[in-house]
Amino acid sequence: MDDLLAQLKAEYEEKDNPKKPPKQQPLPIESSTEITVVPTDQTQVSPTTSFLSRSESQLLADIKSEFEAQEKAEALTRQQQSQAEKRRLKSSPQLPVLPNHQTQLSRTTTFLSRSEEQLLTDLKSEFQEQEKAEALKRQQQLQEEQRRQEQIKQQQKQALIQEAEQWLKKLKPRSEEGLWFEEFAYGYPSKLEAAIDYLQALKEVQS
């Protein structure tokens, strides 16, 4: 607004102050002639300049008043629209607030997490049961193998007993081997046990 007023004022000042004509040199005055004094250009221009300045000021004041009135009308219109919008919002029914996408996603994630946790728990329990079953199976197999080895030992011992009995029956007490065996069996509870260890030692040496 101030720029517009300054521009208008500059245009009116340019119109009101035209270029002054060059000053003329006064003619020689004779002593016997009476000269009438004519008003100068400055005296003639002054009333016109004052009149134009008053017109310019009045015009600028009118334009400023009109602009300010227009601004006030626009501000009043904006205020009325704002108040009307507030009344409309107050009178309109409030809609229920729906859960946002983030809340729904969080609930879905929680549900999936619980499902995954339950699945992991079931898999862990199944794995533990399977480990227990395999451990029990290995223990049963070990026990069975121990029983089998024990049976084999018993069978081998029974076979050695029978072999030892047959060997003692064939052994001649007065022979060199018989005399040596008498000394060997001196520390055993019975000759049968001594014969079993003797025959078993012979098999190990021969193998």
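Odds and ends about this structure:
- Among the candidates Leu160, Leu136, the residue that is assigned to a helix (DSSP H, G or I), modelled with pLDDT under 90 and not aromatic (Phe, Trp, Tyr) is uniquely Leu160.
- Test for Leu160: is it without any contact (Cβ under 8 Å) to a residue 60 or more places away in the chain, in contact with an Asp or Glu (Cβ under 7 Å, 6 or more places away or on another chain) and within 20 Å of Lys203 (Cβ to Cβ): no
- Only one of Leu89, Leu119, Leu76, Leu123 that is out of contact with any Gly (no Cβ under 6 Å at 6 or more places or on another chain), modelled with pLDDT under 85 and of a type outside the set (S, T, N, Q): Leu89
- Taken as a whole, the structure places Lys191 among residues that are surrounded by 14 or more Cβ atoms within 10 Å (Cβ to Cβ) and basic (Lys, Arg).
The values are calculated or read from the model by the stated rules, or taken from the named source; none is laboratory data. The structure presented is a predicted model; accordingly, all values stated were derived computationally and were not measured. Don't worry about glycine lacking a Cβ; one is built from the backbone with ideal geometry, like all the others, and counts go over all protein chains shown.
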